[in-house]
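Participant: Shown below is the structure under consideration.
The values are calculated or read from the model by the stated rules, or taken from the named source; none is laboratory data. Since we're looking at a predicted model, the values are computed, not measured. Here Cβ is always computed from backbone atoms with ideal geometry, including for glycine, and neighbour counts include all displayed protein chains.
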Amino acid sequence: LYTRMLKGEKDLPERHQLRIIHKEGYPVWIETTTVPINWQGKIATLNFIRDITEIKKAEEENQRLQEQLIQSQKMESIGRFIAGIIHDLNNILTPIKGFTQLSIARIGEHDPVSVYLKTIFSSVEKAEGFVKQLLAFCKKQKPKLEVLNMNDMIENIEDTLKRLLGEDILLVKKLSPDIGTVEADSSQIIRVILNIAANARDAMPLGGQFIIETSNVEIDDEYLKKYNGLKKGPYVMISFTDTGVGIPPNLADKIFNPFFTTKEYSTGMGLSTVYGIVKQHKGNITVHSEKGKGTTFRVYLPRVDKKIEKESAEKIDKIYTGNETVLVIDDDENIRKLIIEILKKLGYKPLEAMTTDIALFLAQFYNKTIHLVISDVVLPGIGGPVLIRRIKKYRPNIKVLYMSAFPENTLKKYGVDENSYNFIQKPFTIEYLAKKIREVLDKCR
């Protein structure tokens, strides 16, 4: 630059930034400022050199944060899109599931057609399970602790794991037959498994094996010398091993950091989310990796001496029946028809409202008692919670059961009072709806 100035070139930049290597081997950013001067009757330049390494680091960090923000916004948009798909799928599955149950009940167990109907019902339940897994993978759920068998969990999501891994990766299961139980949120544990599986898939671009093992372990003093974060006692250990490229040693201690990633299209939140979930469950996660050989993650969850609670299949026509009047509000015609049919079967007197205006008209002018209103949370126009408040102006003692294809932990943003509502998640079985209706009607009687 100064040579060009000495030659008399015009409009040259005064400042120039360079990346150089310090004599001790590390990179340094400098900024040079060149000013033409007259020195003893000759044209010369006066040069200033400034170390701008810290400024450059700050700029790079700001750029990195901007890119992470853009990526997070993209992922948030994708999350909203997937939530919308899940909502629509749940609304579609609800009448299929319900009318299939009603059909089985009508034709009887011995009719040959009942075999076909049971297959449909089983397929709907599989689709419902997949929707729940998708929701667990992409959204943070409100923790709901229950006693779980990890072998059963892995078996239940095997099809999802195979789809996630792809055809060129072999899923191998080595599950201990006497595995103990843990107390955990099933949706969050599914999220842990799927996140680790997704990382394993990315580490095996040419295919390989993904091995899941379960075992009962006792955490002792020897273990505690190597790893912090656990107490001595019984645990269930789930290990995940891939035959991929491995993690470089200099990165192994960073993989659980938020936003850390070596992938171009990644938020860097997968393994940090896994770490957070495991810690919330008072567990621990370790990683061992060899470059070119693969990686093993081991998840430790406290073992509990509790049995898994199984719901009893109660007969609705003997227990959960009634003769009260029930107002049903939903803008989906098929769901309305299903609930009306179920209510008739159970002995209730149903009233149907396809719009909020009709619901308000019935609330104001129907000349008999309406004991219960079953309303979708999200309705065109004023929305479910606002509608219920208006209905209660005419009928202050009416009881309310909300339903939604959105998960329960999203109700607050739609205006539902978290401390005073009853809720049923779509899709539902006839048995569960009948039980829920009876619970709400018998409350504070």
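Participant: How many residues does the range 391-432 contain that are more than 25 Å from the chain's Cα centre (by Cα) and farther than 14 Å from Ser375 by Cβ?
Facilitator: Qualifying residue count for the region: 7.
Participant: Can we say Val299 is at pLDDT 90 or above, buried (at least 21 other Cβ atoms within 10 Å of the Cβ) and over 19 Å from Ala405 (Cβ atoms)?
Facilitator: Criteria met by Val299.
Participant: Give the residues of the range 18-56 that are modelled with pLDDT of 85 or more, outside any loop (DSSP other than H, G, I, E, B), out of contact with any Phe, Trp or Tyr (no Cβ under 6 Å at 6 or more places or on another chain) and not β-branched (Val, Ile, Thr), sorted by residue number.
Facilitator: Answer for the range 18-56, where residues must be modelled with pLDDT of 85 or more, outside any loop (DSSP other than H, G, I, E, B), out of contact with any Phe, Trp or Tyr (no Cβ under 6 Å at 6 or more places or on another chain) and not β-branched (Val, Ile, Thr): Leu18, Pro27, Trp29, Glu31, Phe48, Arg50, Asp51, Glu54.
Participant: Also, quick follow-up: Pick out, from the range 144-234, the strands (runs of 3 or more DSSP E) lying fully within it that include 1 or more residues that are among the polar types (S, T, N, Q).
Facilitator: It comes to 145-149, 181-185, 208-219.
Participant: Related question: Hey, can you tell me all the residues within the range 344-365 that are touching a strand residue (DSSP E or B) at 6+ places or on another chain (Cβ under 7 Å) and free of Cβ contacts under 8 Å to residues at least 24 places away in the same chain?
Facilitator: Lys344
This table checks each residue for (1) over 21 Å from Lys174 (Cβ atoms); (2) at pLDDT 80 or above.
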{"site": "Ile196", "(1), (2)": "no, yes"}
{"site": "Asp202", "(1), (2)": "yes, yes"}
{"site": "Gln209", "(1), (2)": "no, yes"}
{"site": "Asp221", "(1), (2)": "yes, yes"}
{"site": "Tyr227", "(1), (2)": "yes, no"}
{"site": "Tyr235", "(1), (2)": "no, yes"}
{"site": "Thr241", "(1), (2)": "no, yes"}
{"site": "Ala252", "(1), (2)": "yes, no"}
{"site": "Ile255", "(1), (2)": "yes, no"}
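Participant: Something else now. Using the structure shown, decide if Val416 is outside any helix (DSSP H, G or I) and modelled with pLDDT of 95 or more.
Facilitator: So Val416 fails the test.
Participant: With the condition kept exactly as written, say whether any residue in the range 400-415 is of a type in the set (Gly, Ala, Ser) and closer than 22 Å to Ile340 by Cβ.
Facilitator: Yes: the range 400-415 contains one or more residues that are of a type in the set (Gly, Ala, Ser) and closer than 22 Å to Ile340 by Cβ.
Participant: In the range 190-200, what residues are over 21 Å from Lys132 (Cβ atoms) and in contact with a strand residue (DSSP E or B) (Cβ under 6 Å, 6 or more places away or on another chain)?
Facilitator: Residue satisfying the conditions is Ala200 alone.
Participant: Report every pair of residues separated by at least 6 positions or lying on different chains whose Cβ atoms are under 6 Å apart, first residue within the range 205-225 and among the aromatic types (Phe, Trp, Tyr), second assigned to a strand (DSSP E or B).
Facilitator: Final answer for the pair search is Phe210/Ile169; Phe210/Leu171; Phe210/Asp242.
Per-residue answers, yes or no, for (1) in contact with a strand residue (DSSP E or B) (Cβ under 7 Å, 6 or more places away or on another chain); (2) acidic (Asp, Glu):
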site	(1), (2)
Val287	yes, no
Tyr300	yes, no
Asp330	yes, yes
Glu333	no, yes
Glu341	no, yes
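Participant: His288: buried (at least 16 other Cβ atoms within 10 Å of the Cβ) and at pLDDT below 90, yes or no? So that I can check it myself, show each step before the final result.
Facilitator: On the way: buried (at least 16 other Cβ atoms within 10 Å of the Cβ): no; at pLDDT below 90: yes.
So His288 fails the test.
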